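Engineer: Below is a structure I'd like to ask you about.
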Amino acid sequence: MKKFIALLLAAMMVMSMFAGCQSGSEQTATTAAQDQPTGEQAAADTGAAVKIGLTGPLTGGNSEYGLAVRGGMEIAVEEINAKGGLQIEFKAEDDEADGSDKAVSAYNTLKDWGMQIFAGAVTTGSALAIAAETVNDQIFMLTPSASAEDVALTGSNIYQMCFTDPNQGASAAELMSQKWPDATIGVIYDSSDPYSTGIAEGFLAKAEELGLNVAVDDAAFTADNKADLSTQVTQCKDAGCDMVFLPFYYTEAAQVLTYANTVDYHPTFFGCDGMDGILNVEGFDTTLAEGLVLMTPFDANATDEATVSFVTKYKENNDGKVPNQFAADGYDVIYALYNACVAAGIDGSTSAADACALLQEQFSTMTVDGLTGKGMTWDENGMISKAPAAVVVTDGIYVPIS
Amino acid sequence: MQILQYLINGISIGAVYAIIALGYTMVYGIAKMLNFAHGDVIMVGAYISFCVTNYLGLPSIVSVAAAVAVCTLLGIVIEGLAYKPLRGTSSLAVLITAIGVSYFLQNAAQLIWSSSPKNFTSIVTMEPISLMDGQLVITGEVLVTVAASIVVMLGLTLFTGKTRTGKAMRAVSEDRDAAQLMGINVNQTISTTFAIGSALAAVAGVLLCSTVPTLMPTTGSMPGIRAFTAAVFGGIGSIPGAMLGGILLGIIETLSKAYLSTQFSDAIVFSVLIIILLVKPAGLLGKQVQEKV
């Protein structure tokens, strides 16, 4: 009897560890099943489909990002395959945002599957681990959301759909100098996170150049002591800052906003794309975010046709969940790759190395309009150039800043 | 003025560490094991309280009671299934099991409540007290946390000093074999310790999330390790020591962030810990036990 209970518990424990993976692989399976008929159809029409692969966190603590990118990409693939003409076969592998062995083995699985173009990774750590591999294999890489500069600088075959971190910081500084030239600014950032540090450094360099008044520039925290951010907020309050720059994720930002409100401190808070999602935190009092400014390339409330159609489809596929900018980045990545493939005449029979050379040629000259920006181009390093967009939270929704 | 505000912030987070540390120290002092899953029981307590308030719409006092009840039960179940079968084996085996339980709880929480963060609504509805034209703000959470940690500390001291069960606990702590020979049910005493420790964890979870509102499956692990440090700092096994260690750790952490460096605050806190342990190896209030050979 005792043994039986022990076995039962062991089984339960194993189930709990893997249950997340299970739902992930199930969903991948359904996507594959959905794609298959169109894939076969395509084979009959125009030759084999182009195989595009993605790695990202589909389970675990960062799965929000990976699932969003995958959801956005799936919509683009469905739309393109429904058009006829060049077909796309799409496969996503789970890397749990683990930059060590899991990312590379997810990438290798995709290579075994016959991937021609790599549309990952979702997170910077994984992207850095895979980037060197793609250089060796001569596989074209366009990451939707890995924003560190080092990713694009690893090789000439690597391109980014999102802003690099220092660029985002610099555009934040430019925006502040235009809209709030007289603000006394405080900067709080996570010194243990390359994303946050990259933005903060880019911001501080540009702010100095523009002559902005930065009163607090060293209010940092780390992953180990972020449980209490009251000291950093107090520092900004004491220095008389009326503008506080928060280049980190909404999880910690919710804490900062809540604490600032309890001590009756109400400056203008200014966030980056990691702040996107703060209004959806369960239990968060969204009135605290009123007046919050954030830079995000995608606004799900926009009324243009492309956005409305994307949001509707995404909600249908994902139990009514509103897409965030990661989903929009994923959608744009597939369309950018599709346009380049059509222009360069790449199809399922092109080898990965040939496709890589052709795509590099295309990306250095082409201009793309997408959900996350109009007239997007890439520089010689593979970093994107697009107009930064900022919104301000008004009555609980994003309103584009004029 | 500034320094007073930082001191209050330090005491606020320190008092939370203190309550968590009391749970650590109880279990270590009596069962002689490090319950690394303690931080995760805290997280479960916070989630229970969050669910009762947000999904069932019940008042916060009911949510605290529910959290205490669920965590006590959870503590007894964990102890019975994971630790009791290992009684008498090497302490390393129990330690590894505790780490396993910790992962189990985190993964289970991720499965039930998903990994996206929730924002905990503070159970304290008191308005913050503003002194000297708003330069100094004392939030209701600080007062409640400090009061709760003092009550818990006094309660535990009285309980272990005066009651029959408490005396049995002390006996088990001093010499397990001798206690058994005296007719004390060692197994049951240890189970009771776990139940009390887990009930404390529930209270700590609610207070932690009232102070720091972000609630995720990993919420308990870092404060848990901090509190463990605080317990060692104050002298592990000593009830007033855990309280003192927690408050001091919070204050040192906040002041070093404010006046020395935010980035190196951890290095500073842990350097202080090393120095204290070099001078007083048993911790601030720990008893030096002579090993008899």
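Engineer: Just to be sure I understand, how many residues within region A:263-289 are farther than 17 Å from residue A:324 by Cα and touching a strand residue (DSSP E or B) at 6+ places or on another chain (Cβ under 6 Å)?
Structural biologist: 8
For (1) under 22 Å from residue A:357 (Cβ atoms); (2) of a type in the set (Ser, Thr, Tyr), each residue gets a yes or a no:
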| site | (1), (2) |
| --- | --- |
| A:56 | no, no |
| A:60 | no, no |
| A:72 | no, no |
| A:79 | no, no |
| A:82 | no, no |
| A:93 | no, no |
| A:115 | yes, no |
| A:120 | yes, no |
| A:147 | no, yes |
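Engineer: I've got another one for you. Mind checking whether some residue in region A:196-216 is on the phi > 0 side of the Ramachandran plot and out of contact with any Phe, Trp or Tyr (no Cβ under 7 Å at 6 or more places or on another chain)? Steps first, please.
Structural biologist: If we filter region A:196-216 for residues that are on the phi > 0 side of the Ramachandran plot, which is where we start, we get A:211.
Imposing the further condition that a residue be out of contact with any Phe, Trp or Tyr (no Cβ under 7 Å at 6 or more places or on another chain) reduces the set to A:211.
Yes, because at least one residue in region A:196-216 is on the phi > 0 side of the Ramachandran plot and out of contact with any Phe, Trp or Tyr (no Cβ under 7 Å at 6 or more places or on another chain).
Engineer: Then there is this: Confirm whether residue B:222 is in contact with a helix residue (DSSP H, G or I) (Cβ under 8 Å, 6 or more places away or on another chain), outside any loop (DSSP other than H, G, I, E, B) and either hydroxyl-bearing (Ser, Thr, Tyr) or more than 17 Å from residue A:224 (Cβ to Cβ) (or both).
Structural biologist: Values: in contact with a helix residue (DSSP H, G or I) (Cβ under 8 Å, 6 or more places away or on another chain): yes; outside any loop (DSSP other than H, G, I, E, B): yes; either hydroxyl-bearing (Ser, Thr, Tyr) or more than 17 Å from residue A:224 (Cβ to Cβ) (or both): no.
No.
Engineer: Check residue A:178 against each of (1) in contact (Cβ under 8 Å) with a residue 12 or more places away in the chain; (2) over 16 Å from residue A:121 (Cβ atoms) and name the one condition it does not meet.
Structural biologist: The failed condition is (1).
Engineer: Which of (1) surrounded by 24 or more Cβ atoms within 10 Å (Cβ to Cβ); (2) away from chain A (no Cβ under 14 Å); (3) under 25 Å from residue A:226 (Cβ atoms) is the odd one out, the single condition residue B:205 does not satisfy?
Structural biologist: Residue B:205 satisfies every listed condition except (2).
Engineer: Okay, moving on. Quick check on residue A:374: is it closer than 17 Å to residue A:88 by Cβ and under 21 Å from the mean Cα position of the chain (by Cα)? Please lay out each step first, then the result.
Structural biologist: Details: closer than 17 Å to residue A:88 by Cβ: no; under 21 Å from the mean Cα position of the chain (by Cα): yes.
Considered against the rule, which asks whether it is closer than 17 Å to residue A:88 by Cβ and under 21 Å from the mean Cα position of the chain (by Cα), residue A:374 comes out as no.
Engineer: With the requirement that a residue be within 14 Å of chain B (Cβ to nearest Cβ) and part of a loop (DSSP other than H, G, I, E, B), what does region A:277-301 give you?
Structural biologist: As a first pass, look at region A:277-301 and keep what is within 14 Å of chain B (Cβ to nearest Cβ): A:277-289.
Of everything in region A:277-301, those that are within 14 Å of chain B (Cβ to nearest Cβ) and part of a loop (DSSP other than H, G, I, E, B) turn out to be A:277, A:281, A:283, A:284, A:285.
Engineer: Here are the criteria: (1) in a strand (DSSP E or B); (2) without any contact (Cβ under 8 Å) to a residue 12 or more places away in the chain. Tell me which single one residue A:392 does not satisfy.
Structural biologist: (2)
Engineer: Name the pairs whose Cβ atoms lie under 9 Å apart, with the first residue in region A:116-134 and acidic (Asp, Glu), the second part of a loop (DSSP other than H, G, I, E, B), and 6 or more positions between them or separate chains?
Structural biologist: Correct list of pairs: A:133/A:139.
Engineer: So which residues in region A:346-375 are surrounded by fewer than 21 Cβ atoms within 10 Å (Cβ to Cβ), among the aliphatic types (A, V, I, L, M) and in a helix (DSSP H, G or I), if there are any at all?
Structural biologist: Hits for region A:346-375 are A:352, A:353, A:357, A:358.
Engineer: May I pose another question? Can we say residue B:171 is part of a helix (DSSP H, G or I), under 20 Å from residue B:34 (Cα atoms), of a type outside the set (S, T, N, Q) and under 19 Å from the mean Cα position of the chain (by Cα)?
Structural biologist: Values: part of a helix (DSSP H, G or I): yes; under 20 Å from residue B:34 (Cα atoms): yes; of a type outside the set (S, T, N, Q): yes; under 19 Å from the mean Cα position of the chain (by Cα): no.
Taking the combined requirement at face value, the residue does not satisfy it.
Engineer: Quickly run through region A:60-76 and pick out the residues that are farther than 9 Å from residue A:122 by Cβ, aliphatic (A, V, I, L, M) and within 14 Å of chain B (Cβ to nearest Cβ). Explain how you work it out, then say what you get.
Structural biologist: Let us first name the residues in region A:60-76 that are farther than 9 Å from residue A:122 by Cβ, namely A:60-61, A:63-64, A:67, A:71-76.
Within this subset, residues satisfying the condition of being aliphatic (A, V, I, L, M) are A:67, A:73, A:75-76.
If the condition is that a residue be farther than 9 Å from residue A:122 by Cβ, aliphatic (A, V, I, L, M) and within 14 Å of chain B (Cβ to nearest Cβ), then A:67 is the only one that fits.
Engineer: Taking residue A:125 as the residue in question, decide whether it is within 15 Å of the chain's Cα centre (by Cα) and part of a helix (DSSP H, G or I). It would help to see each step written out before you state the result.
Structural biologist: Values: within 15 Å of the chain's Cα centre (by Cα): yes; part of a helix (DSSP H, G or I): yes.
Judged against the criteria, residue A:125 is a match.
Engineer: Let me ask you something else. If a residue has to be out of contact with any Phe, Trp or Tyr (no Cβ under 8 Å at 6 or more places or on another chain), within 13 Å of chain A (Cβ to nearest Cβ) and not small (Gly, Ala, Ser) to count, how many in region B:208-235 make the cut?
Structural biologist: Kept after step one, since they are out of contact with any Phe, Trp or Tyr (no Cβ under 8 Å at 6 or more places or on another chain), are these residues of region B:208-235: B:208, B:211-212, B:216, B:218-222, B:225, B:232-235.
Add one more test, that the residue is within 13 Å of chain A (Cβ to nearest Cβ), and what stays is B:208, B:211-212, B:216, B:218-222, B:225.
Among the residues that remain, those that are also not small (Gly, Ala, Ser) are: B:208, B:211-212, B:216, B:218-219, B:222, B:225.
Residues in region B:208-235 being out of contact with any Phe, Trp or Tyr (no Cβ under 8 Å at 6 or more places or on another chain), within 13 Å of chain A (Cβ to nearest Cβ) and not small (Gly, Ala, Ser): 8 in total.
Engineer: Further question on the same structure: Considering only residues that are under 20 Å from the mean Cα position of the chain (by Cα) and assigned to a loop (DSSP other than H, G, I, E, B), which ones fall in region A:110-122? Explain how you work it out, then say what you get.
Structural biologist: Just the residues of region A:110-122 that are under 20 Å from the mean Cα position of the chain (by Cα), to begin with: A:117-122.
A:119, A:120, A:121, A:122 - these are the residues of region A:110-122 that are under 20 Å from the mean Cα position of the chain (by Cα) and assigned to a loop (DSSP other than H, G, I, E, B).
Engineer: For residue A:385, indicate whether it is surrounded by fewer than 14 Cβ atoms within 10 Å (Cβ to Cβ), within 20 Å of residue A:145 (Cβ to Cβ) and not hydrophobic (A, V, I, L, M, F, W, C).
Structural biologist: On the way: surrounded by fewer than 14 Cβ atoms within 10 Å (Cβ to Cβ): yes; within 20 Å of residue A:145 (Cβ to Cβ): yes; not hydrophobic (A, V, I, L, M, F, W, C): yes.
It is true that residue A:385 is surrounded by fewer than 14 Cβ atoms within 10 Å (Cβ to Cβ), within 20 Å of residue A:145 (Cβ to Cβ) and not hydrophobic (A, V, I, L, M, F, W, C).
Engineer: Tell me, which residue of region B:6-28 that is within 11 Å of chain A (Cβ to nearest Cβ) and buried (at least 23 other Cβ atoms within 10 Å of the Cβ) is farthest from residue B:282 (Cα to Cα)?
Structural biologist: Filtering first and then ranking leaves B:9.
Engineer: Right, next: Output the helices (runs of 4 or more DSSP H) that fall wholly within region A:170-276 and possess 2 or more residues being surrounded by 23 or more Cβ atoms within 10 Å (Cβ to Cβ), within 11 Å of chain B (Cβ to nearest Cβ) and within 28 Å of the chain's Cα centre (by Cα), or say none.
Structural biologist: On the way: elements: A:194-210, A:230-238, A:250-262.
It comes to A:230-238, A:250-262.
Engineer: Would a scan of region B:131-139 turn up a residue that is of a type outside the set (D, E, K, R), part of a helix (DSSP H, G or I), more than 9 Å from chain A (Cβ to nearest Cβ) and over 16 Å from residue B:51 (Cα atoms)? Full working, then the answer.
Structural biologist: So the first thing to find is which residues in region B:131-139 are of a type outside the set (D, E, K, R), and the list is B:131-132, B:134-139.
Adding the requirement that they be part of a helix (DSSP H, G or I) leaves none.
No, there is no match, as no residue in region B:131-139 is of a type outside the set (D, E, K, R), part of a helix (DSSP H, G or I), more than 9 Å from chain A (Cβ to nearest Cβ) and over 16 Å from residue B:51 (Cα atoms).
Engineer: Looking at (1) in contact (Cβ under 8 Å) with a residue 12 or more places away in the chain; (2) under 19 Å from residue A:58 (Cα atoms), can you tell me which one residue A:101 breaks?
Structural biologist: Status for residue A:101: all satisfied but (1).
Engineer: Here is a follow-up. Being within 14 Å of chain A (Cβ to nearest Cβ) and part of a helix (DSSP H, G or I) is the requirement here; does residue B:93 meet it? Full working, then the answer.
Structural biologist: Details: within 14 Å of chain A (Cβ to nearest Cβ): no; part of a helix (DSSP H, G or I): yes.
Judged against the criteria, residue B:93 is not a match.
Engineer: When you go through B:245, B:286 one by one, which is the residue that is more than 12 Å from every other protein chain (Cβ to nearest Cβ) and crowded, with 24+ Cβ neighbours inside 10 Å? It would help to see each step written out before you state the result.
Structural biologist: Values: B:286 fails: crowded, with 24+ Cβ neighbours inside 10 Å.
Testing whether each residue is more than 12 Å from every other protein chain (Cβ to nearest Cβ) and crowded, with 24+ Cβ neighbours inside 10 Å leaves just B:245.
Engineer: Which of (1) crowded, with 24+ Cβ neighbours inside 10 Å; (2) within 15 Å of residue A:378 (Cβ to Cβ) is the odd one out, the single condition residue A:116 does not satisfy?
Structural biologist: Just one mismatch for residue A:116, condition (2).
Engineer: Across region B:115-130, which residue is farthest from the other protein chains (Cβ to nearest Cβ) among those that are surrounded by fewer than 19 Cβ atoms within 10 Å (Cβ to Cβ) and of a type in the set (S, T, N, Q)?
Structural biologist: The qualifying residue farthest from the other protein chains (Cβ to nearest Cβ) is B:125.
Engineer: Moving to a separate point now. With the structure loaded, tell me whether residue B:108 is free of Cβ contacts under 8 Å to residues at least 24 places away in the same chain and under 21 Å from residue B:213 (Cβ atoms) or whether it fails that test. Spell out how you get there, then give the answer.
Structural biologist: Numbers: free of Cβ contacts under 8 Å to residues at least 24 places away in the same chain: yes; under 21 Å from residue B:213 (Cβ atoms): no.
Judged against the criteria, residue B:108 is not a match.
Engineer: Condition check: farther than 19 Å from residue B:26 by Cα and within 14 Å of chain A (Cβ to nearest Cβ). Does residue B:112 satisfy that? Talk me through it step by step, then tell me what you get.
Structural biologist: On the way: farther than 19 Å from residue B:26 by Cα: yes; within 14 Å of chain A (Cβ to nearest Cβ): yes.
For residue B:112, the condition - farther than 19 Å from residue B:26 by Cα and within 14 Å of chain A (Cβ to nearest Cβ) - is met.
A short reminder: the numbers here are calculations on the coordinates, not readings from a lab. Keep in mind it's a predicted model, so treat the numbers as computed, not measured. Backbone-built Cβ (ideal geometry, glycine too); neighbour counts: all protein chains shown.
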